[in-house]
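Working notes for the structure below.
The values are calculated or read from the model by the stated rules, or taken from the named source; none is laboratory data. Note that this is a predicted model, so its numbers are computed, not measured. Virtual Cβ from ideal backbone geometry, glycine too; neighbours counted across all protein chains shown. Just the protein is used for accessible areas: all its heavy atoms, side chains included, with ligands, DNA and RNA removed. Shrake-Rupley method; radii C 1.70, N 1.55, O 1.52, S 1.80 Å.
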Amino acid sequence: MRLLLVAGARPNFVKLASLCRALDAAGGFDRRIVHTGQHYSDALSDVFFTELSIPRPDVNLGVGSGTGAWQTAEIMRRFEVPLLDVRPDLVVVVGDVNSTLACALTAVKSGFPVAHVEAGLRSFDLRMPEETNRRVTDAVSEILFVSEKAGVANLAREGIDPGRVHLVGNVMIDTLLEHRERARARDVCARFGVRRREVVVATLHRPGNVEDRARLSALFTGLRRVSERVPVLLPAHPRTAAALASLGLAGTGSLRIIEPLGYLDFLGLISDAMAVITDSGGIQEETTVLGVPCLTARDNTERPITVEQGTNTLVGCDADRIVREVDRILGGERPAGRVPALWDGRAADRIVGVLEAREG
Ligand code: UD1
C-alpha cells in the first residue's frame, strides 16, 4: 500500500513520528513523506525530526510563511506535483493546521482518498483558523481516525458515515509515552535554575490571544502576577516574541521569556512543572497524561476530554482567574485527572491495523 504522509507544522511532526514508527514496524507499506515547509526554522521543525528520529521527508515544498489563504493556496499548488508523481493509494494528513487542509483538498480534487488522523475535534468557534481546517478536512476524508469520544459524536452529528470513523486514541500521546523517560532525564529544570515542581511553564501562540493587544496584555499581567509566587518560563513562539516586543512587554527575573524549546526539552520541562498555562491544543492533552495541572488561556476547547477527565481548566484571558487557579494549586488543590481511554501508546498501531484490514 502506497501512502503519502503529510506534515507541515510543529505539532504534526510529533504525530508523524509515531505513525512512521508503527508503519515501519508493521512492514508492507511504501510510505513517502511530504513536508510542506509551513514551519521551517530549526527550532520549529528540524529539531523534531532529529530528536524523534523521523525519517527525512522525501519532498519539502518549502512554502514558508504567509496569510492563511495564501499559505493554503500555495501548499495546494505545490503539493499537486509530488501527489501526481507518487500517485498514492492514500494520502494521510494529521491535525488541523493549514497544511492539513491544503493537502486534503488537493488530494480529493485529484482523485486520491484521504485519511485524517485526529478527526472530529470541534471548538465550535470559527474565529479559529483551525476550526475551518478541521471541518473541511473531515468533510472530504474517506477514513477518519479519532482521538477522543467527543470526536465520534461530532462526526455523527455532521452526517458522516460511522463506517468511516475509527476511534483509535491519540498518536501524539504515543510519542509522549515513548520519550517521557528520556525527556525527564535531561533535567531541564536544573538548566534553567528552577526546582522541579516549583515552576510554571507558559506558552501562547494563537493569533486570537497574541494579536489582540488587550488579551495579550491581560495574559501577560496574569503571568507576571503568577511569577510573584513561583518562577514562570515562557518559551516564546516567534509571533509571541514579536507581539510582546511591540507592546514593550519584557520578562523579569522570575518571568523569563526564552527561545522555543525542542520536543524533549519541552516535554521534560512540563513533566516537572507545577502547572502549565497555555493556548495550545496538544499541550492540553500532554498535561492530562502527565497529570500536571493545565490552565488553558482560551474560552473553549476542541478537546473536552481533557477538562472532563484530565487536568485541564479553561481560564480565558482573565488574569484574576489565572492567579486564583495557581493559588489553588499552590494550596494543594490539584485536579486528580485520569488518562482517557486508548491514550495508551498504541494509537498508531491501531491505525495501521485499520489500514491493513482495508487492504486485505
Ligand atoms: C501553526 C498552526 C497552529 C499550530 C501551530 C503550532 C495553522 C493555521 N496554525 O500556527 O494550529 O498550533 O502552528 O506552532 O496552521 N515562523 C517562524 N518560523 C517558522 C514558521 C513560522 O518564525 O518555521 C513565524 C512566521 O513569522 C510566521 C509565524 O511564525 O508568520 C506563524 O507561522 P504559521 O505558519 O502561520 O503558523 P503558527 O502560527 O505557528
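Residues of the range 91-145: accessible area per residue at 1.4 Å, in Å²?
Accessible area per residue, the range 91-145: 28 Å².
Take every Cα-Cα pair in the range 102-261 and report what % of them are more than 22 Å apart.
Percent of Cα pairs beyond 22 Å in the range 102-261: 59.
Per residue of the range 344-352, in order, report the coupling 6.51 cos²θ - 1.76 cosθ + 1.60 (Karplus, θ = phi - 60°) as ³J(HN,Hα) in whole Hz, putting x for Gly and Pro.
10, x, 10, 4, 5, 5, 5, 4, 4
Taking Cα atoms, how many degrees apart are the long axis of helix 319-330 and the longest axis of the chain, rounded to 10 and kept between 0 and 90?
Between helix and principal axis, roughly 80 degrees.
State to the nearest 20 debye the size of the charge dipole of the chain about its Cα centre, where the only charges are +1 on K and R beta carbons and -1 on D and E beta carbons.
Dipole magnitude for the chain comes out near 520 debye.
Would you mind classifying the range 1-128 by shape? Square roots of the alpha carbon gyration tensor eigenvalues, ordered a ≥ b ≥ c; an a/c under 1.5 is rounded, otherwise it is prolate if a/b is larger than b/c and oblate if not.
Because its axes are fairly even, with a/c under 1.5, the range 1-128 counts as rounded.
Counting only protein heavy atoms and using a 1.4 Å probe, what share of the accessible area of the chain belongs to carbon plus sulfur, as a whole percent?
50
Could you estimate the translational diffusion coefficient of the range 116-211 from the Stokes-Einstein equation, with Rh from the Kirkwood formula over C-alpha pairs, at 25 °C and 0.890 mPa s, in whole µm²/s?
The estimated diffusion coefficient comes to 152 µm²/s.
Taking 7 Å along the Cα-to-C-beta vector as the label spot, tell me the residue 109-residue 330 distance in nanometres, rounded to one decimal.
5.3
With θ taken as phi - 60° and the coefficients 6.51, -1.76 and 1.60, list the Karplus ³J(HN,Hα) couplings across the range 54-65 in order, rounded to whole Hz; mark glycine and proline as x.
Those phi angles translate into 7, x, 4, x, 6, 9, 10, 7, x, 6, x, 8 Hz.
Could you provide, to the nearest whole Å², the per residue accessible area of the range 10-88 with probe 1.4 Å?
Normalised by residue count, the accessible surface of the range 10-88 is 45 Å².
So how long is each side of the chain along the principal axes, counting just the alpha-carbon atoms, biggest first, in Å?
Sorted largest first, the three principal extents are 58, 39, 39 Å.
Provide the per residue accessible area, probe 1.4 Å, for the range 165-273, rounded to a whole number of square angstrom.
With the other protein chains kept in place, the range 165-273 gives 41 Å² per residue.
Using R₀ = 22 Å, calculate the FRET efficiency as 1/(1 + (r/R₀)^6) where r is the Cβ-Cβ separation of residue 318 and residue 239; round to 0.05.
The formula returns an efficiency of 0.50 here.
Quote to one decimal, in nm, the extra length available between residue 73 and residue 135 on full extension: 0.36 nm per residue of separation minus the C-alpha distance between them.
Computed gain between residue 73 and residue 135 is 20.6 nm.
Among 259-271, 89-101, 328-340, how do they line up from the highest to the lowest mean number of other beta-carbon atoms within 10 Å?
89-101, 259-271, 328-340
Where does the range 216-360 land on Rg/Rh, using Cα atoms and the Kirkwood Rh?
1.04
So for the chain: antiparallel DSSP bridges make up what percent, rounded to the nearest 5?
Taking every DSSP beta bridge within the chain, about 0 percent pair in antiparallel fashion.
Return the distance in nm (one decimal) between the two label points of a simple spin-label model at residue 53 and residue 30, each offset 7 Å from Cα along Cα→Cβ.
2.6
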